[in-house]
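Enquirer: For reference, the structure I am asking about is given below.
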Amino acid sequence: MTTALGLFLLATGVFYAVRLMLWRRGLHLEFERSDALPTPRDAALPTITVVIAARDEEATIGPCVDSVLATDYPREKLEVIVVDDDSSDQTAAIVRQRMLRAPALAEAGHELPEADWDESEGAGRLRLVQIPENRRRDRAHKKAAIEKAVAHARGEIILTTDADCLVPVGWARSMAAQFTGPEVAFVSGPVAFTVLPDDGLFIKLQAMDFFGVMACGAGGIGLRKPSLANGANVGYRRETFEALDGFSGIDHVTSGDDELLMQKIAYTTPLDIRFCASPDALVTTEPVRTLRAFNHQRRRWASKSLNYPAHLKATLAGIGLFFGSLLIGLGLLVVLPGLWPYLVGGFALKAVGDLSVLVPAARRFGQVALLRVYPLHLFLHPPQAVIAFLRGPFGGFEWKSRHVDQ
């Protein structure tokens, strides 16, 4: 039994290490492709609409909007739409204050379509849409918010970020530059958690894990097998979104306004998916601060997995088997001490795979300090991931003060 279990553990460990080293190859391909892109002239840049869905975000929506309006994108080609998703706080009021300061698009000769006056406020670069009807929905509230914003959008390219995010000055320009031709339909961008100097291990471990998921997602895109993306930093062509009827077909899933849309485009159309590997595009977002919130966040993320294409499910299953084997091996070590060398080999394979992706990504995006907590993350990652794998697709979770049943 010891030998059989040990060999199974090593076999799944080899699968894991090879998979991550393949993602490392894809990551480098995206680095090289992004570095080779020419810097587009202002006249060649597309018009863009930044969509920010917000619910009870009075503490963060102001800085978020300010960071988007401060990007170095041509003013006449940038609009921002904040969708107030039935907030009960001052989110909408804070946006209205900033609308008074945002220069009007009309100054640049862009007229607001008359139909847009029905439900959106403002004719300037910053506009507000409210959707109190979302309280009647059982799920997919954010998707409904984004669809409504896109219906009001004038940009050729839709960029989305979250209300608790900050975008750098070069974000919009870096993301838009990825749309080099009509065949490029979707672009995923880099995201990292904000880590303050006095943050403890809980936050740093979250940031390590989150950053690793982002890097693996970039690797999958580089291999032309897109799997993971984050709605805090994605972009897509408005005409593609409309041609696919938005989130139709995936609107029964609450989460997935990012990767499920990306997968829908990747696996149902001949269009291309790209990853923006420019450090100037790194969006920062807030980690959760409690174990309870962390649990619900990871269950929400895992809830999408049953809707992945078959080959992605198979990859997740292989990773889950490896992590499960590590946990079972640790649990049986007292009665089967002969498992010890197999466990050492298994964790060594995990470290080789993880670091093959983490190290180049951390160097690229200035996140090398996160690697200091990797030795602890190496051992805590398997149980956390297994719990999320098992509970996410089958249980409910809380998101933005709403309870969602799967």
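The values are calculated or read from the model by the stated rules, or taken from the named source; none is laboratory data. None of the values given here were measured: they were computed from a predicted structure. Note that each Cβ is placed from the backbone with ideal geometry, even for glycine, and that neighbours are counted across all protein chains shown. Quick note on the areas: whole protein, heavy atoms, side chains included, nothing else; ligands and nucleic acids left out. Shrake-Rupley method; radii C 1.70, N 1.55, O 1.52, S 1.80 Å.
Enquirer: Please name whichever of 220, 347, 31 sits farthest to the positive end of the charge dipole of the chain, dipole taken about the Cα centre and charges placed at Cβ: Lys and Arg +1, Asp and Glu -1.
Expert: Positive-end residue among those listed: 347.
Enquirer: So what is the 222 nm mean residue ellipticity for the chain from helices alone, if each DSSP H run of at least 4 adds -39500 (n - 2.57) and you divide by all residues, rounding to the nearest 500 deg cm²/dmol?
Expert: Helices in the chain give a 222 nm mean residue ellipticity of -15500 deg cm²/dmol.
Enquirer: Anything over 21 Å Cα to Cα? Flag those among 142/313; 143/313; 264/304; 142/264; 148/264; 77/142, in the order listed.
Expert: 142/313; 143/313; 77/142, as the Cα separations exceed 21 Å there.
Enquirer: With each pseudo-label sitting 7 Å past Cα toward Cβ, what's the residue 379-residue 336 distance in nm, one decimal?
Expert: Each label point is offset 7 Å from its Cα along the Cβ direction, giving 2.1 nm.
Enquirer: Something else about it: What does the extension gain come out to for residue 41 and residue 311, with contour length at 0.36 nm per residue minus their alpha carbon separation?
Expert: 93.2 nm
Enquirer: Taking 0.36 nm per residue of separation and subtracting the Cα-Cα distance, what length does fully extending residue 252 through residue 269 add?
Expert: So the extension gain works out to 4.0 nm.
Enquirer: Follow-up. Each label point is 7 Å from the Cα along the Cα-to-Cβ direction; what then is the distance between the points at residue 32 and residue 239, in nm?
Expert: 3.1
Enquirer: Going through the DSSP H helices of the chain, which span 30 Å or more along their own axis at the Cα atoms while scoring at least -1.0 as a mean Kyte-Doolittle hydropathy?
Expert: Length and hydropathy pass: 2-36, 201-222, 310-332, 340-365.
Enquirer: Mark the label point 7 Å from the Cα of residue 25 along Cα→Cβ and return the residues of region 218-241 whose backbone N is within less than 19 Å of it.
Expert: Residues 218-228 qualify, since their backbone N sits under 19 Å from the label point.
Enquirer: If ligands, DNA and RNA are left out, what is the accessible area of residue 379 with a 1.4 Å probe, given in Å² to the nearest 10?
Expert: 110
Enquirer: Taking every DSSP beta bridge that has both residues in the chain, what percent is antiparallel when rounded to the nearest 5?
Expert: Close to 40 percent.
Enquirer: For a Förster distance of 45 Å, can you work out the FRET efficiency between the beta-carbons of residue 156 and residue 348, rounded to the nearest 0.05?
Expert: The pair residue 156/residue 348 has a calculated efficiency of 0.40.
Enquirer: Going by Cα centres, region 175-223 and region 230-246 are how many Å apart?
Expert: The two parts, judged by their Cα centres, are 18 Å apart.
Enquirer: If R0 is 35 Å, what FRET efficiency do you get for residue 93 and residue 327 from their C-beta distance, rounded to 0.05?
Expert: Between residue 93 and residue 327 the formula returns 0.10.
Enquirer: So what is log10(I(q)/I(0)) for region 1-56 at q = 0.12, 0.28 1/Å, when the Debye sum runs over its Cα atoms only?
Expert: Rounded to two decimals, the profile gives -0.65, -1.04.
Enquirer: If you don't mind, another one. What does the charge count around residue 203 come to, taking other residues whose C-beta lies under 14 Å from its C-beta (Lys +1, Arg +1, Asp -1, Glu -1)?
Expert: Numbers: positive: 204, 289, 372; negative: 198, 199, 209, 286.
Computed value for this residue: -1.
Enquirer: Using a 1.4 angstrom probe, figure out how much accessible area region 1-71 has per residue, in square angstrom, rounded to the nearest whole.
Expert: On a per-residue basis, 46 Å².
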